[in-house]
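Below is one structure, written out as structure tokens; comments come after it.
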Amino acid sequence: MVNIYAGNLAFNMTEADLRNMFEAHGKVDRASLVKDSMSGDSKGFGFVEMPNDKEAKAAIAALNDMDTQGRKMTVNEAKPKADRSEGRDRY
DNA sequence: GTTGAGCGTT
């Protein structure tokens with residue numbers, strides 16, 4: 001299982017589109033596009049989980065830094081999610 | 001616009 005981060009995405013992209021991109025290179029366990037909770041606007045990045053290690057690497061290699069909507073998107077292995085379960089107004 | 005919650009009043 002590989003957790004993948006995809007940033008600098010097109011803001012018109014949806015979770016289905018994201019999943020599609022990665023499924024072109026292997027099996028996709030889950031695809032999520034991060035968006036604002038209230039407005040629903042895309043935040044321009046998302047995550048994809050792929051069960052097959054080599055397929056995930058292939059997808060990253062193929063999609064990372066590729067030209068899309070006039071920009072270069074960023075794709076790499078995701079870092080662990082920060083723990084925000086204690087609330088949002090710390091600090 | 002670049003590393004994930006959720007959207008209600010404990």
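Since every read-out is calculated from the coordinates, none of them should be taken as a lab result. Here the structure is a predicted model, which is why all the values come from computation and not from measurement. Cβ placement follows ideal geometry from the backbone for every residue including glycine, while neighbour counts extend to all protein chains displayed.
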Given points 7 Å out from each Cα along the Cα-Cβ axis, report the A:Asp36 to A:Ala10 separation in nanometres with one decimal. 2.1 nm
Return the single residue from A:Met50, A:Met38, A:Met21 with maximal mean-square fluctuation; model: Gaussian network over chain A, springs between Cα atoms under 10 Å. A:Met38
So what is the calculated 222 nm ellipticity per residue for chain A, using -39500 (n - 2.57) for each DSSP H run with n of 4 or more, over all residues, to the nearest 500 deg cm²/dmol? -6500 deg cm²/dmol
Report the FRET efficiency, 1/(1 + (r/R0)^6), for A:Asn20 and A:Met66, where r is their Cβ-Cβ distance and R0 is 22 Å, rounded to 0.05. 0.95
In a GNM of chain A with a 10 Å cut-off on Cα contacts, which of A:Gly44, A:Gly26, A:Gly70 has the highest mean-square fluctuation? A:Gly70
Candidates per chymotrypsin sites (Phe, Trp or Tyr not before Pro) in the range A:2-57, loop by DSSP, up to 13 other Cβ within 10 Å: A:Phe11
Note on the range A:2-77: contact order normalised by length, alpha-carbon pairs under 8 Å, 6 or more apart, percent, works out to 41 percent
Quote the Stokes-Einstein diffusion coefficient, in whole µm² s⁻¹, for chain A, based on the Kirkwood radius over alpha carbon pairs, a temperature of 37 °C and a viscosity of 0.692 mPa s. 240 µm²/s
Would you kindly derive the ³J(HN,Hα) couplings of the range A:4-19 from the backbone phi angles with the Karplus curve 6.51 cos²θ - 1.76 cosθ + 1.60 (θ = phi - 60°), listing them in order in whole Hz, with x for Gly and Pro? 10, 9, 10, x, 6, 7, 5, 7, 9, 6, 10, 4, 5, 5, 4, 4
With Cα coordinates, the longest principal axis of chain A makes an angle with the long axis of helix A:53-63, in degrees rounded to 10, of 90 degrees
With at most 13 other Cβ atoms within 10 Å, longest stretch of chain A clear of loop trypsin sites (Lys or Arg not before Pro) (DSSP): A:28-80
Dipole magnitude of the range A:2-77 about its Cα centre, charges +1 at Lys/Arg Cβ and -1 at Asp/Glu Cβ only, in debye to the nearest 20? 60 debye
For A:Lys43, list the aspartates and glutamates whose Cα falls under 16 Å from its own Cα; do not include residues on the same chain fewer than 8 positions away. A:Glu15, A:Asp17
